[in-house]
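Structure first, commentary second.
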Amino acid sequence: MTALLEARGLTKDFPGIRALDEVDLTVRRGEVIALLGENGAGKSTLVKLLSGVHQPDAGELRLRGEPYTPQRPADAIDAGIGMVHQETNLLLGLSVAENIFLGRLPLARGMVDYPALRRAAHEQLTRVGLGDLDPDTPVGKLSVAVRQKAEIAKALSLDAALLILDEPTASLSQQDAEVLFTLIDELAAEGVAFVYISHRLEEVPRVGDSVVVLRDGRRVVMWDHGDVASEEIVRAMVGREVTRKYPEPPATVGAEVLRVEGLTRAGAFEDVSFTVHAGEIVGIAGLVGAGRTEVARVIAGADRADRGTFSLDGRRIRVRSPEQAIGHGIVLVPEDRKDQGLVLDLLVRDNVTLPSLEQETRAGVVRPAALSRLSALLAGEVDLRGRPEQSARTLSGGNQQKVVVAKWLPRGPRIVIFDEPTRGVDVGAKQAIYQIIHRLCAQGVGIIVISSELPEVLGIAHRVVVLAKGRRTGEVPRAEADEQTVMRLAVKG
């Protein structure tokens, strides 16, 4: 395979930190490079240099043998380099078709040719397994998983020679991920190259032709094949042994805290019932579209149920808004942490203390010193790697997730719902999040965990409630839970 893109000695400094340190990378036509590393290892900085978001302070880039110096993302797109971000960059108020061809809408007599637009969009959507999706659907009505696939369709419509995929399967089911892998195989056979970033190490042998690992801004190892043991990759990523992927959940489970009975929201799920006990981790499993997130949002008051009841400590309660849920001690760590869990342009300190402003206000005046003390305390509670004065936007995914969790701790929650708690975070941050969940359990908090990674649900939960097509199809205790059992229930009905 001939070289498409070559990077030599790429170096990038930001105030107080060297994010990338003399990194070399060669991407060949038709090759899939798995780019791995912990959050903060330099992966995002590297791909931002390749895609024109940043420019290197030292080193050089060559594309098709010629100097390549993109000054903005549009330069990279014009050169045939497409980027699919983990958090999609689609405009929620526009249709799927309009998003895919934004800036390139087909025209007829000076007007948008909508029939041609729909046909072209349908062709791209079919390539990513969304042939049944109406191209006129507003993106804001799509699930995170479907938005991700629409983002990939948009990138493919650019006829890119190199596609950079950042956590493309983070919101996809195993079946949808396999559709994506097949598509990558087909495009690679046509000569399209890929830089594939993922924290799901089990994907690497399936998708990668070679593996590059970054740590602390440096390239520490490269394998010229994808069939690398996960243990070796983890050792290269973190520089040490990680002995247990999923720590055993705490053994002591207390009295029932939350009971959900007959919960129904038309068009999303129907007649869902389960309980959560103090110090217990209840996993909710199911395929994309099963209704997992929709159930979580109703319990947390973000959406209203049409029918069903809630009981807390044996007493019937009303949950018809987030304010009511929080008042009862029910909080949500949402799937989309950037849009729903954080105010990205606020400081870390302000985000982590936001739910506590009322507690730290005297005579209508917020006490800055008290908030600073509280933010420092909470940062220590979750082992936050970041400065209170930096923007939440600049944190790694794992540390952003820690902020979303930390902000609820002063409220003394009874129930914490984690929706995709480790989506897009590295192996080290995953361990830290599992430890936070266990500490909450030890304090008697009831935990609900929703995850598209079935091994994660099985690994951390005391029992697993399974949903399929909006209905509860079964419940499996930890001692009997395995992937085959849960998947049989997940495809039932």
Computed over the range 89-148: relative contact order in percent, which uses C-alpha pairs under 8 Å that are six or more apart: 45
Descending principal axes extents, the range 1-44, alpha-carbon based, whole Å: 39, 20, 10
Antiparallel bridges, percent of DSSP beta bridges restricted to the chain (to nearest 5): 60
Distance between the range 186-236 and the range 18-54 - C-alpha centres, whole angstrom: 12
Those aspartates and glutamates that a straight Cα-Cα span of less than 12 Å connects to Lys338, excepting residues fewer than 8 apart in one chain: Glu87
Kirkwood estimate for the range 1-103, i.e. one over the average of 1/r between Cα atoms, Å: 15.0
Accessible area (Å², per residue) of the range 116-172, counting only protein heavy atoms and a probe of 1.4 Å: 35
Between the range 367-384 and the range 55-116, the Cα center-to-center distance that results, in Å: 41
Scaled radius of gyration (Cα, divided by 2.2 N^0.38 Å) that the range 348-450 gives: 1.08
Convex hull of Cα atoms in the chain, direction-averaged projection (nm²): 25.0
Mean Cα-pair separation over length for the chain, i.e. relative contact order, pairs under 8 Å, 6 or more apart, %: 15
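Over the chain, with every protein chain in place, what whole percent of the accessible area is carbon and sulfur at 1.4 Å, could you tell me?
Ligands and nucleic acids excluded, carbon and sulfur give 49 percent.
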For the range 256-490: relative contact order, % (alpha-carbon pairs under 8 angstrom, 6 or more apart): 29
Structure-based [θ]222 nm, the chain - -39500 (n - 2.57) summed over DSSP H runs of at least 4, per residue, nearest 500: -8500 deg cm²/dmol
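Which whole-number value in Å² is the accessible area per residue of the range 256-490, probe 1.4 Å?
Result: 40 Å² of accessible area for each residue.
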Sparse-neighbour loop sites [GluC sites (Glu not before Pro); the range 164-235; at most 13 other C-beta within 10 Å; DSSP]: Glu190
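The values are calculated or read from the model by the stated rules, or taken from the named source; none is laboratory data. A quick note: this is a predicted structure, and the numbers were derived from the prediction, not measured. FYI the Cβ positions are ideal-geometry reconstructions off the backbone, even for glycines, and counts take in every protein chain you see. Each accessible area value is taken on the protein alone, full model and side chains, heavy atoms only, with ligands, DNA and RNA left out. Shrake-Rupley method; radii C 1.70, N 1.55, O 1.52, S 1.80 Å.
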